[in-house]
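**Student:** The structure's right below; bear with me while I get my questions together.
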Amino acid sequence: MSQINETTSADKILQAATDLFARNNFDAVSVKQIAEASGCNGALISYYFGGKKNLYQEVLTTQAKEFIKIQEDICTKKLSPFTKLHAFVDSIAKLQAEHPFHIHLIYREMLSPEPMFEKYIQNYLYRVHQFMAELVEEAIANGEIKTNIKPTHVAFTLESIILFFFLAKQPIMKLGNFDYGKETTYLLEALDTYIMSLR
């Protein structure tokens, strides 16, 4: 088997596993299901990833790295802290538009983490929160945000707004009469409304 085919098969397995784990918890997904969804032989899961446990860890790592990459890209831009917050929300909205169920995977690990991955995923989630908190702190320091609330508390609220919207996107869009494709607009309005309320 050529290197190109090997890479393609591994990518297919990873993508199929990500979609399945996003909709179901770790124990509810079988190697057989992953193999069928990926169109690959089940033996390749052990060959590439060393089994389901390691594959799940790779899924979590890949998801976390997407958020970390967004942060790193934003940090390289010469923008004000508040504008960086906007850019972060915009990037998250675009990411979720491409993979609408992946945030469920992250949320599940936050609420009821698999014991074997608890510390692992928490480290990545902490990095996301720390990024938000630092932007808020900078925005307060330069006067873009005016509040006496601790930056980390403001960051938690902003994260909650983003997370809840994507977890309950379907009923929110229907009940709120929002147009599909306008997720970024809604989230930025929610962010601005909350920030304004702090004043």
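The values are calculated or read from the model by the stated rules, or taken from the named source; none is laboratory data. Quick caveat, the model's predicted, so the values are computed rather than measured. As a convention, Cβ positions derive from the backbone with ideal geometry for all residues, glycine included, and neighbour counts pool all protein chains shown. All accessible areas refer to the heavy atoms of the entire protein, side chains included, with ligands and DNA or RNA removed. Shrake-Rupley method; radii C 1.70, N 1.55, O 1.52, S 1.80 Å.
**Student:** Helix-only estimate, please: 222 nm mean residue ellipticity of the chain, summing -39500 (n - 2.57) across DSSP H runs of length 4 or more and dividing by its residues, to the nearest 500.
**Tutor:** -25000 deg cm²/dmol
**Student:** Residues in the stretch 54-92 near a label at residue 156, defined as backbone nitrogen under 12 Å from the 7 Å Cα→Cβ point?
**Tutor:** None, by backbone N distance to the label point.
**Student:** Can you return the lysines within cross-link range of residue 12? Criterion is Cα-Cα under 28 Å, with same-chain partners fewer than 8 residues away left out.
**Tutor:** 32, 52, 53, 65, 69, 94, 119, 169
**Student:** What part of the accessible area of the chain, given as a whole %, is carbon or sulfur when the probe is 1.4 angstrom?
**Tutor:** Heavy-atom surface of the chain belonging to carbon and sulfur, 1.4 Å probe: 54 percent.
**Student:** Return the FRET efficiency for the residue pair residue 198, residue 127: r is the Cβ-Cβ distance, R0 is 30 Å, and the value is rounded to the nearest 0.05.
**Tutor:** Efficiency for this residue pair is about 0.80.
**Student:** How big is the stretch 18-125 on each of its three principal axes, counting only the C-alpha atoms and giving the largest first in Å?
**Tutor:** Sorted from largest, the Cα extents of the stretch 18-125 read 49, 29, 22 Å.
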